[in-house]
Amino acid sequence: MTDRRAELTDAAIVTLARSGMRGLTHRAVDHAADVAEGSTSYYFRTREALLVATMERLAELSTADIAAVRGTDLEAVTALLHHWLTHARDRMVARFELTLEATRRPALRAALTSAGGQFRAMAHRLLAEAGVPDARRRAANLVAHIDGLLFDQLAGAGPRRSRTDLRDALRPLFEAALTPGRADAAGSG
């Protein structure tokens, strides 16, 4: 992604997180990026193009975050989730805004499916390398559990979890995913 396109999609992420789908306009992104009016529409002619590019940017940023973490290190994964829920909170809120919008927009759905496939493939490789049987299914379940934990915390549906609470919530998921023969949490489904 070019620097200007990344700058605009980063501004779209902030706009989505703060104003929701209704607040995401080309003009609002121009304002958030502090660029000349019309800049966003020059790079992204339609709202759909802006939404898809923003989803792709979110996937790019999350993939880089995940790649920097040793996936079987519970403390490192806990730190990543804590980072997503604090310093990168806008990114996660925007991601879930786009995820729900993707149920009504086929092009956005395709971008979401591609991004989700990348994350499940990364988890699958990790589990397969660890010799876990049924790694593909367990990886999909682990990603779903982590997404659920993120959503729960972002939406405020459950009790606010400290970093230690996050680690404690992740521990049984990791044990189930990484332990051959285990058939609970991340292994069932």
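The values are calculated or read from the model by the stated rules, or taken from the named source; none is laboratory data. Just so you know, these numbers come straight off a predicted model, no measurement behind them. Every residue, glycine among them, receives a Cβ derived from its backbone with ideal geometry; neighbour counts consider all protein chains shown. Areas reflect the complete protein model, heavy atoms only, side chains present, ligands, DNA and RNA absent. Shrake-Rupley method; radii C 1.70, N 1.55, O 1.52, S 1.80 Å.
Out of the residues in the range 102-133 that are assigned to a helix (DSSP H, G or I) and touching a Leu at 6+ places or on another chain (Cβ under 6 Å), state the one that is surrounded by the fewest Cβ atoms within 10 Å (Cβ to Cβ).
The first filter runs over the range 102-133 and keeps only residues assigned to a helix (DSSP H, G or I), leaving 106-129.
In the following step, the residues that additionally are touching a Leu at 6+ places or on another chain (Cβ under 6 Å) were identified as 108, 123.
Details: Leu108: 19, Ala123: 23.
Among them, the one singled out is Leu108.
Within the range 1-51, which residues are assigned to a loop (DSSP other than H, G, I, E, B) and hydrophobic (A, V, I, L, M, F, W, C)?
At the first step, the residues of the range 1-51 found to be assigned to a loop (DSSP other than H, G, I, E, B) are 1-2, 24-25, 34-38, 44-46.
Selection gives Met1, Leu24, Val35, Ala36, Phe44.
Counting only residues that are open to solvent by less than 30 Å² (accessible area, probe 1.4 Å) and hydrophobic (A, V, I, L, M, F, W, C), which one in the range 53-62 is farthest from the chain's Cα centre (by Cα)?
Among residues in the range 53-62 that are open to solvent by less than 30 Å² (accessible area, probe 1.4 Å) and hydrophobic (A, V, I, L, M, F, W, C), the one farthest from the chain's Cα centre (by Cα) is Ala53.
In the range 37-52, what residues are open to solvent by 20 Å² or more (accessible area, probe 1.4 Å) and in contact with a Phe, Trp or Tyr (Cβ under 9 Å, 6 or more places away or on another chain)?
Passing the criteria: Ala49, Val52.
Within the range 63-72, can you find the residues that are open to solvent by 70 Å² or more (accessible area, probe 1.4 Å), in a loop (DSSP other than H, G, I, E, B) and of a type in the set (Gly, Ala, Ser)? First the steps, then the outcome.
Taking the range 63-72 and keeping what is open to solvent by 70 Å² or more (accessible area, probe 1.4 Å), we get 67-68, 70.
Keeping just the survivors that are in a loop (DSSP other than H, G, I, E, B) gives 68, 70.
Listed by number, the list holds a single entry, Ala68.
Going by the structure shown, is Glu75 assigned to a loop (DSSP other than H, G, I, E, B), open to solvent by 20 Å² or more (accessible area, probe 1.4 Å), over 23 Å from Ala107 (Cα atoms) and not polar (S, T, N, Q)?
Numbers: assigned to a loop (DSSP other than H, G, I, E, B): no; open to solvent by 20 Å² or more (accessible area, probe 1.4 Å): yes; over 23 Å from Ala107 (Cα atoms): yes; not polar (S, T, N, Q): yes.
It is false that Glu75 is assigned to a loop (DSSP other than H, G, I, E, B), open to solvent by 20 Å² or more (accessible area, probe 1.4 Å), over 23 Å from Ala107 (Cα atoms) and not polar (S, T, N, Q).
Filter the range 138-168 for residues that are of a type outside the set (Ser, Thr, Tyr) and assigned to a loop (DSSP other than H, G, I, E, B); which is least open to solvent (accessible area, probe 1.4 Å)?
Within the range 138-168, the first condition is being of a type outside the set (Ser, Thr, Tyr), and the residues that meet it are 138-161, 163, 165-168.
Narrowing the set further to residues that are assigned to a loop (DSSP other than H, G, I, E, B) leaves 156-161.
Values: Gly156: 46, Ala157: 85, Gly158: 21, Pro159: 98, Arg160: 159, Arg161: 80 Å².
Per the criteria, the residue is Gly158.
Being buried (at least 18 other Cβ atoms within 10 Å of the Cβ) and either touching a Pro at 6+ places or on another chain (Cβ under 8 Å) or over 19 Å from Ala157 (Cα atoms) (or both) is the filter here, so list the residues in the range 78-87 that pass it.
Thr78, Leu80
Find the residue count for the range 169-183, including only residues that are surrounded by 14 or more Cβ atoms within 10 Å (Cβ to Cβ), free of Cβ contacts under 8 Å to residues at least 60 places away in the same chain and not hydroxyl-bearing (Ser, Thr, Tyr). Steps first, please.
Applying the first criterion (surrounded by 14 or more Cβ atoms within 10 Å (Cβ to Cβ)) to the range 169-183 yields 169-170, 172-179, 182.
The next check asks that each one be free of Cβ contacts under 8 Å to residues at least 60 places away in the same chain; those that pass are 169, 172-173, 175-177, 179, 182.
In the following step, the residues that additionally are not hydroxyl-bearing (Ser, Thr, Tyr) were identified as 169, 172-173, 175-177, 182.
Of the residues in that region, 7 qualify.
Can you pull out the residues in the range 88-101 that are in a helix (DSSP H, G or I), open to solvent by less than 60 Å² (accessible area, probe 1.4 Å) and of a type in the set (A, V, I, L, M)?
Listed by number, the residues that qualify are Met92, Val93, Ala94, Leu98.
Can you tell me which residues in the range 63-97 are within 13 Å of the chain's Cα centre (by Cα), within 22 Å of Arg138 (Cβ to Cβ) and acidic (Asp, Glu)?
Of everything in the range 63-97, just one residue is within 13 Å of the chain's Cα centre (by Cα), within 22 Å of Arg138 (Cβ to Cβ) and acidic (Asp, Glu), namely Asp65.
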